[in-house]
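Asks: Sharing a structure here in structure tokens format.
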Amino acid sequence: MGVSTSSPEKGISVVTVDFPPVNALPVRGWFELAGAVRAAGRDSDVRCVVLAAEGRGFNAGVDIKEIQAQGGPALAGAGEGCAEAFAAVYECEVPVVAEVHGFCLGGGIGLVGNADAIVASDDATFGLPELDRGALGAATHLARLVPQHLMRALYYTSRTATAAELHTHGSVWRVVPRGDLRAAALELAREIAAKDGRLIRLAKAAINGIDPVDVRRSYRFEQGFTFEASLSGVGDRVRDTFGKEGTQVGDHG
């Protein structure tokens, strides 16, 4: 359990998240993930990173139960940890391919929205249930996956979009049967890793440099409203309903 790194092929590093039962990451998990991605990107032998997960789904966001139990310190820690993990993916020195299966919710959107490419299984769903969790955030990253008005509708309703729908918007590279997911992710990573190592790093820096939105600054701005909601009491009130109404991961579609 935790975050692990493997090297299945030359030039490719796979960073895998495994926090049963649903990959809702505790505070330490976000920092572990950030560290693993940054370490992979610093490795001069690596030319592409694949971000993957074990279990039922790719990512269910933060560990709400940890925040309920520990209060403010855990909320602040989760916010800082998410910011660091999202930034690690975006700032990774080489391209990052997100390998997504099952649910990709909350913090998962922050990860894939900052990735360079997404390969998803046909059972993958993407969404931000933040308003149902007493929080705000990651609209910055959802806006990188879908057009503005769709982003707003998904955000306000907590609904999800399928991998096939995101493919039509051009944000998912390929949609494949779940059993073919790893092979499809490695196929793309292999094609990227075949490029000159120095040149691919320059390409990543160049593309980040022309982005119209500073994703780190934009996300931290959003997070300020999460803390405002918490200070006003509404965030905690909504968050305290989590797990008490029969809501399950992925029920927001």
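Every number here is computed from the coordinates shown, using simple stated rules; none is lab data. What you see is a predicted model; the values in this text were computed from it and never measured. Note that we place each Cβ from the backbone using ideal geometry, even for glycine, and neighbour counts take in every protein chain shown.
Asks: Would you mind calculating the gained length between Glu80 and Thr241 on full extension (0.36 nm times residue separation, minus the Cα-Cα distance), in nm to one decimal? Walk me through the numbers before you get to the answer.
Replies: Numbers: separation 161, 0.36 × 161 = 57.96 nm, distance 2.35 nm.
Gain on extension, Glu80 to Thr241, equals 55.6 nm.
Asks: Loop only by DSSP, 16 or fewer other Cβ within 10 Å of the Cβ. Give me the trypsin sites (Lys or Arg not before Pro) in the stretch 1-109 that pass, ordered by residue number.
Replies: Loop-located and lightly packed - Lys10, Arg56.
Asks: Identify, among Ala184, Ala206, Val112, the residue whose Cα sits farthest towards the positive end of the charge dipole of the stretch 98-253, taking +1 on the Cβ of Lys and Arg and -1 on the Cβ of Asp and Glu, with the dipole about the Cα centre.
Replies: Farthest along the dipole direction, towards plus: Ala206.
Asks: Given 25 °C and 0.890 mPa s, compute D for the chain with the Stokes-Einstein relation, Rh being the Kirkwood radius over Cα pairs; round to the nearest whole µm²/s.
Replies: D = 136 µm²/s.
Asks: Sticking with this one: Which residue, Ala78, Ala205, Ala139, has the most motion in a Gaussian network model of the chain that connects Cα atoms within less than 10 Å?
Replies: Taking springs between Cα atoms under 10 Å, the residue moving most is Ala205.
Asks: Okay, moving on. Relative to the first principal axis of the alpha-carbon coordinates of the chain, what is the inclination of helix 72-91, with its axis defined by its Cα atoms, in degrees from 0 to 90 and to the nearest 10?
Replies: Tilt relative to the chain: about 20 degrees.
Asks: Treating only the Cβ of Lys, Arg, Asp and Glu as charged (+1, +1, -1, -1), what charge dipole size does the stretch 92-173 show about its Cα centre? Round to the nearest 20 debye.
Replies: Charge dipole of the stretch 92-173: 320 debye, to the nearest 20.
Asks: Another question, if that's okay. DSSP loop (so not H, G, I, E, B), at most 15 other Cβ within 10 Å: list which GluC sites (Glu not before Pro) in the stretch 20-99 pass both filters.
Replies: Glu54
Asks: To test your reading of the geometry: what angle, between 0 and 90 degrees and rounded to tens, separates the Cα axis of helix 27-42 from the longest principal axis of the chain?
Replies: 20
Asks: What trypsin sites (Lys or Arg not before Pro) in the stretch 182-246 are in a loop by DSSP, with at most 11 other Cβ atoms within 10 Å of the Cβ? Walk me through the intermediate numbers first.
Replies: Numbers: sites: Arg182, Arg190, Lys195, Arg198, Arg201, Lys204, Arg216, Arg217, Arg220, Arg237, Arg239, Lys244; in loops: Lys195, Lys244.
Loop-located and lightly packed - Lys244.
Asks: Another question, if that's okay. Using the alpha-carbon atoms, what tilt in degrees (0 to 90, nearest 10) does helix 197-209 show relative to the longest principal axis of the chain?
Replies: Approximately 40 degrees, to the nearest 10.
Asks: Pairs of Cα atoms under 8 Å, at least six residues apart: use those to get the relative contact order of the stretch 81-162, whole percent. Intermediate results must be reported in sequence, preceding the final value.
Replies: Working: 127 pairs, mean separation 23.5, N = 82.
Relative contact order comes out at 29 percent.
Asks: Kindly provide the pair-distance distribution of the stretch 23-69 built from C-alpha pairs, with 10 Å bins from 0 and whole-percent values in order of increasing distance.
Replies: Using 10 Å bins, I get a P(r) of 24, 44, 26, 6, 0 for the stretch 23-69.
Asks: Let me ask something additional. How high is the FRET efficiency from Lys65 to Asp122, r the C-beta distance, R0 22 Å, rounded to 0.05?
Replies: Efficiency computed from Cβ-Cβ geometry: 0.15.
Asks: Might you report the magnitude of the Cβ-based charge dipole of the chain about its Cα centre, with Lys and Arg at +1 and Asp and Glu at -1, to the nearest 20 debye?
Replies: 320
Asks: Related question: Which value at 222 nm does the chain reach when only helices count, each DSSP H run of 4 or more adding -39,500 (n - 2.57), with the total divided by all residues and rounded to the nearest 500 deg cm²/dmol?
Replies: Working: 11 runs with 121 residues, N = 253.
After summing the helix terms and dividing by residue count, I get -14500 deg cm²/dmol.
Asks: Another question about this same structure. Need one number: nm distance between label points at Ser232 and Ala39, each 7 Å from Cα along Cα→Cβ, rounded to one decimal.
Replies: 4.1
Asks: How many nm is it between the label spots at Ala205 and Arg217, if each spot is 7 Å from the Cα in line with the beta carbon?
Replies: Label-label distance for Ala205 and Arg217, simple model: 2.0 nm.
Asks: Also, I was wondering about something else. Hey, for a label at Glu9 modelled as a point 7 Å past Cα toward Cβ, could you say which residues of the stretch 85-113 have their backbone N under 14 Å away?
Replies: 97
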